[in-house]
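The values are calculated or read from the model by the stated rules, or taken from the named source; none is laboratory data. Source: prediction; values computed, not measured. Here the Cβ positions follow ideal geometry from the backbone for every residue, glycine too, while neighbour counts run over all protein chains shown. Only protein heavy atoms, including side chains, enter the accessible area calculation; ligands, DNA and RNA are left aside. Shrake-Rupley method; radii C 1.70, N 1.55, O 1.52, S 1.80 Å.
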Amino acid sequence: MPIFLEKRQLVTPGDLIAEGEYVAGENTYIEKNRIYASRVGIVEYETKKIDVVALKAFYVPRMGDVVIGTITEVGFNGWMVDINSPYPALLRASDVLSRPFKPQKDDLPQVLDVGDLVVANIISYDRTHDPQLTVAEPGLGKITRGQIVKVTPTKIPRVIGRKGSMISTIKQETGCNIILGVNGVILITGKTLEDEQLAMRAILRIEEESHTTGLTDRITQMLKEEKSKREETK
Amino acid sequence: MNEKSEKLIDKKGLRLDGRKPDELRPVKLQVGAITNADGSAYIEQGKNKILAGVYGPREVHPKHLALQDRTLLKCRYHMAPFSVQERKSPAPSRREVELSKVIRESLEPAIFLEYYPRTMIDVFVEVLQADGGTRCAAITAAALALADSGVPMRDLVAACAAGKVEDTIVLDLMDTEDKMGSADVPVALMPNMNAITLLQMDGTLSLEEFESTVNLALDGCKQIYAMQKEALKTKYVSVKEEEKEENKEEAEE
């Protein structure tokens with residue numbers, strides 16, 4: 001029962017990774033007891049389970065995910081939200097108002113209009129129905145200030161880092177509050193625009209170099225250098 | 001064929017452009033040629049120049065076209081008006097509509113369409129310059145663009161044609177050979193599955209000839225597949241290489 005490839009090797013769709021009693025993890029599939037890659041990515045495995053970490057993929061909704069979306073349409077009793085996935089999400093009016101929705105009294109575009117950004121949680125989704133969102137939890141709702149960065153959804157775990165090491169470094173060094181949407185949209189709110197831009201640059205660099213090793217150290221170094229540079233100019 | 005026309009294969013057994021009968025035209029592949037698309041690829045095969053762009057999976061418009069159990073794969077093959085000697089009308093011709101269907105059907109088995117029902121994937125193929133064998137080059141480029149876009153796939157699809165020119169079986173026919181020759185067999189292959197997804201024939205071949213033609217075309221597909229993999233890897237490895245050089249420079253300092 002051999003594995004044909006070493007860890008962290010680049011594979012393309014259709015590449016044979018292993019043969020025998022293995023479990024096909026993410027971005028792989030089994031045919032006749034053989035495991036193949038289904039996306040361009042890097043091979044990772046632990047004892048029995050074989051994964052391919054995709055270098056590029058789109059976001060597929062999952063229940064419980066925190067996402068950041070854009071309102072695209074105001075409907076009769078709710079909104080359509082673009083959450084950067086193949087499926088549009090629904091946000092119901094009664095959920096945002098946290099009381100029954102009265103069409104005679106409530107003016108939906110005044111609450112949320114097309115183009116507004118929301119942080120929301122996915123409460124239901126299956127393949128036969130479009131995902132439904134909720135904002136009735138602390139920390140969720142309309143975004144009023146901050147910067148938005150978009151990255152490939154597969155890179156979000158890299159932005160978080162091992163046990164949150166990467167994200168906490170960025171938060172510490174820049175003093176910004178960062179909300180990560182699992183759909184690849186990141187919200188950064190800081191005290192000054194400069195702080196926010198520094199955090200943005202760090203995140204974009206992570207996306208670019210996500211498949212390399214020793215990234216957390218390099219990002220920390222970059223943030224420190226930038227900060228000392230700024231203090232000098234002051 | 002008129003008598004004035006030169007021989008398609010000379011005394012040494014070489015073709016008009018100096019190739020051996022079983023030799024491909026020079027192929028250049030590039031992944032990620034269009035930044036606006038979710039995935040894209042560019043191919044140059046001899047004088048052929050083709051761009052492929054992939055969008056999706058995304059919402060279906062108009063909505064009634066959506067399939068409840070799988071993704072709708074849409075494919076458009078189009079030749080630019082300046083892609084051939086005589087201006088080609090930009091409106092889709094009968095041939096282009098057919099090729100769109102042929103390309104779609106040769107890509108369908110390679111994609112996990114059942115993963116994302118009620119969505120669609122758009123594949124656009126734009127021929128900038130044509131010199132025979134564009135459907136094969138288009139399939140090669142489209143498969144690369146799909147892989148680049150992050151659509152889950154069973155395998156890549158590589159395509160290549162073979163045919164008969166003046167009683168010789170030749171690989172990868174160019175325009176003149178296609179028009180003056182006696183047969184053309186385009187083949188698309190999923191190399192790891194060892195499955196043929198496209199097999200057409202234009203002209204006449206005996207059973208034995210057909211068999212050796214298909215085998216030659218499959219050989220060509222495998223050569224192209226190796227180049228496809230190389231192209232996909234280059235896109236991502238190039239970042240890694242830069243990284244290494246940077247580190248080296250730092251170490252030297």
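Odds and ends about this structure:
- Amide H to amide H, with H built 1.01 Å from N, A:Ser85 comes under 5 Å of no residue 5 or more places away or on another chain.
- Chains B and A together bury some 2800 Å² of accessible area, summed over both sides, with a 1.4 Å probe.
- Exercise: per-residue mean of other protein chain Cβ atoms within 10 Å, A:53-61: 4
- As a fraction of the 1.4 Å probe accessible area of segment A:26-111, surface on carbon and sulfur atoms comes out at 50 percent.
- Average beta-carbon neighbours from other chains, 10 Å sphere, peptide A:84-91: 3
- Per-residue shielding of B:225-237, expressed as the average number of other chain Cβ atoms within 10 Å of the residue Cβ, stands at 3.
- Working ranking of peptides A:169-175, A:194-200, B:187-193 by packing, defined as the average number of other Cβ atoms within 10 Å per residue, highest first, is B:187-193, A:194-200, A:169-175.
- Distance between the modelled labels on A:Glu6 and A:His129, one decimal in nanometres: 4.9 nm (7 Å Cα→Cβ projection).
- Descending by average beta-carbon neighbour count within 10 Å, the peptides A:100-113, B:117-130, B:166-179 line up as B:117-130, B:166-179, A:100-113, the highest first.
- When you filter the GluC sites (Glu not before Pro) in segment B:68-111 for DSSP loop state and at most 11 other Cβ atoms inside 10 Å of their Cβ, you are left with B:Glu86.
- Amide H within-cut-off set for B:Asp172, under 5 Å, with H built and near neighbours excluded: B:Ala161, B:Ala162, B:Gly163
- Once both labels are positioned 7 Å from their Cα atoms along Cα-to-Cβ, the gap between A:Asp217 and B:Leu14 label points is 5.5 nm.
- Pairwise FRET efficiency - A:Leu16 versus B:Tyr115, Cβ, R0 = 22 Å, nearest 0.05: 0.60
- Normalised per residue, the accessible area of chain A is 52 Å², obtained with a 1.4 Å probe and no contribution from ligands, DNA or RNA.
- Cα centroid separation - segment B:102-127 against segment A:156-229, whole Å: 36
- Across the protein chains, with a 1.4 Å probe defining accessible surface, the residues A:Thr47, A:Thr70 rank A:Thr47, A:Thr70 from largest area downward.
- Too-long pairs where the Cα-Cα distance tops 22 Å, listed order kept, from A:Lys48/B:Lys233; A:Lys56/A:Lys227; B:Lys11/B:Lys164; B:Lys12/B:Lys164; A:Lys7/A:Lys48: A:Lys48/B:Lys233; A:Lys56/A:Lys227
- When you count the other C-beta atoms within 10 angstrom of each residue and take the mean per peptide, A:53-59, A:23-29, B:63-69 line up highest first as A:53-59, A:23-29, B:63-69.
- For chain B: Kirkwood Rh in Å [reciprocal of mean 1/r, alpha carbons]: 19.3
- Under Karplus coefficients 6.51, -1.76 and 1.60, residue-wise ³J(HN,Hα) of segment B:41-58 in Hz, glycine/proline x: 7, 10, 10, 10, 10, x, 8, 5, 9, 9, 10, 10, x, 10, 10, x, x, 9
- Amide H contacts under 5 Å for B:Ile111, placed H, 5+ residues apart: B:Arg154
- From phi via Karplus (6.51, -1.76, 1.60), per-residue ³J(HN,Hα) for segment B:86-101 in Hz, x at Gly/Pro: 7, 4, 9, 4, x, 5, x, 8, 4, 4, 5, 4, 5, 5, 4, 5
- Calculated from backbone phi, Karplus (6.51, -1.76, 1.60) coupling profile of segment B:10-27 in Hz, x at Gly/Pro: 7, 4, 6, x, 9, 8, 3, 9, x, 7, 6, x, 9, 10, 7, 6, x, 10
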